[in-house]
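Read-outs: derived from the displayed coordinates by stated rules, not from any lab. Just so you know, these numbers come straight off a predicted model, no measurement behind them.
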Amino acid sequence: MKVRRVVGLAVVGSVLTSVASGFLGARINTTKSIPIGLYWTANESVRPGSYVMFCPPQTEAFHLARTRRYVDFGSCPGNYGFIMKRVFAVGGDRVEFTAEGVTVNGREVPNSRPLLQDGEGQSLPKIRGTFVLAPADVLLMSGTSTTSFDARYFGLVKRIQIQSVIRPVFTW
């Protein structure tokens, strides 16, 4: 009986700690899109190099992503889960999407060559063209993962979709 009570208290304590940490700003990334680890929300301006957490817009590309389980269900509008990415371009930057990859102001974004198919052999959306970003636009990508579902497939995102800048606390 004593062991059962200790285990029960440990479980309840863990759940309460997790919930409290979330309310206080702790976020955990378990995907390859940005370094895996613990992040803290920060009251900072969005700028190139920032990591951000955003709610996906309700577009065809994100509907496809959720259907294929690239994106989880969650508390964002449309029942999408939050997504974490890195900001590579903001208003005024020139972004080019090609079959070879993505460039920002003429500089190649690492690991940005778009794949034709996902791991299940299903075709992926294609974004092509050159854009000068409006002040409300951002380019959100991985830069570290060749298989991340990022701007190569969903295009530009509006700043209003960004919920918070997140800062790494402990990553691996």
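Against the longest alpha carbon principal axis of the chain, how many degrees, from 0 to 90 and to the nearest 10, is the axis of helix 2-24 turned? Tilt of helix 2-24: around 40 degrees. One entry in (i) 75, 36, 30; (ii) 66, 38, 30; (iii) 43, 39, 31 is Cα extents along the principal axes in Å calculated from the shown coordinates; its label is (ii).
Using θ = phi - 60° in the Karplus curve 6.51 cos²θ - 1.76 cosθ + 1.60, the 3J(HN,Hα) couplings for region 55-63 round to 8, x, x, 7, 10, 4, 4, 6, 4 Hz; x is entered for Gly and Pro.
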